Amino acid sequence: MNPDKQLDRQSRILQAALDLLSRHGISGVNMRAVAREAGVALGLVNYYYEDKSTLIRAALRRVDEDDLMLVAPDPASPPDEQLRKALHRVAGPDILTTQYLSLRLHLWALAQADEDFALINAAAFDRYLEGLATLIGNARPELSREECRERAADIVVVQNGMWLTALLGIDKAFIQRSIARTEQIAFASAQ
């Protein structure tokens, strides 16, 4: 089988699982529904993913990869600009959608319901936090590693609040104030 075609099918299956999860939660994700959503045979879903848990773990890892892209450094930009871009990415049009935010809520709920999913979620959160702290440290080299992590954690609280508020109806002024607040936290003078 062509490796590109194989990767495309596997990606479609994973995206179908994420779409179902965002619309219906964990109860809406089963192998047959994923196959139907992806437009592939059930056997193909079973070929790539042993069971529903394996599929959900892969979905969590996909979201982790996407989150890491939000805080990925851009060597072509100066450190201040890299940080600003990352702080704005979390309010991008592809993120502030009901489908994406619903998916995030379902994934957070899964982490509360299953220890294995909780471990994956915690590791992903730590990688995101570390990526954000690194961007802060690059832009503000006078800060200690601990201060950068604290600021990153404070920023995540604001970002999560922004996401939850966006689910209630996007208020563009609120979103802009939230982004400005994350910039204030990131670029504040050292204590």
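The values are calculated or read from the model by the stated rules, or taken from the named source; none is laboratory data. What you see is a predicted model, and the numbers here were worked out from it, not measured in a lab. Please note: Cβ atoms are built from the backbone with ideal geometry, for glycine as well, and neighbour counts cover all protein chains shown.
Details
- Single residue of Val45, Val40 found to be outside the structural domain of Asp126 (by TED's automatic domain parsing) and outside any helix (DSSP H, G or I): Val40
- Selection of the stretch 27-56 for residues being touching a residue at least 40 places away in the same chain (Cβ under 8 Å) and crowded, with 16+ Cβ neighbours inside 10 Å yields Leu55, Ile56.
- Count of the stretch 118-127 residues which are crowded, with 18+ Cβ neighbours inside 10 Å and closer than 10 Å to Leu68 by Cα: 1
- Annotation: Glu142 fulfils all but one of (1) of a type outside the set (Ser, Thr, Tyr); (2) part of a helix (DSSP H, G or I); (3) over 16 Å from Arg61 (Cβ atoms); the unmet one is (2).
- Members of the stretch 65-74 found to be within 13 Å of the chain's Cα centre (by Cα) and either of a type in the set (Gly, Ala, Ser) or closer than 22 Å to Ala186 by Cα (or both), listed by number: Asp66, Asp67, Leu68, Met69, Leu70, Val71, Ala72
- Residues of the stretch 68-97 classified as assigned to a helix (DSSP H, G or I) and either surrounded by 13 or more Cβ atoms within 10 Å (Cβ to Cβ) or modelled with pLDDT under 85 (or both), total: 12
- Pair list, Cβ < 8 Å and 6+ apart or interchain, from the stretch 72-92 residues that are of a type in the set (Ser, Thr, Tyr) to residues that are surrounded by 12 or more Cβ atoms within 10 Å (Cβ to Cβ): Ser77/Lys85
- Taken together, the residues in the stretch 120-150 that are of a type outside the set (Phe, Trp, Tyr) and within 15 Å of the chain's Cα centre (by Cα) amount to 11.
Residue by residue, here is whether (1) in the same structural domain as Leu107 (by TED's automatic domain parsing); (2) over 20 Å from Ala188 (Cα atoms); (3) crowded, with 18+ Cβ neighbours inside 10 Å holds:
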| position | (1), (2), (3) |
| --- | --- |
| Leu135 | yes, no, yes |
| Ala139 | yes, no, yes |
| Leu143 | yes, no, yes |
| Glu150 | yes, no, no |
| Gln159 | yes, no, yes |
| Leu167 | yes, yes, no |
| Ala173 | yes, yes, no |
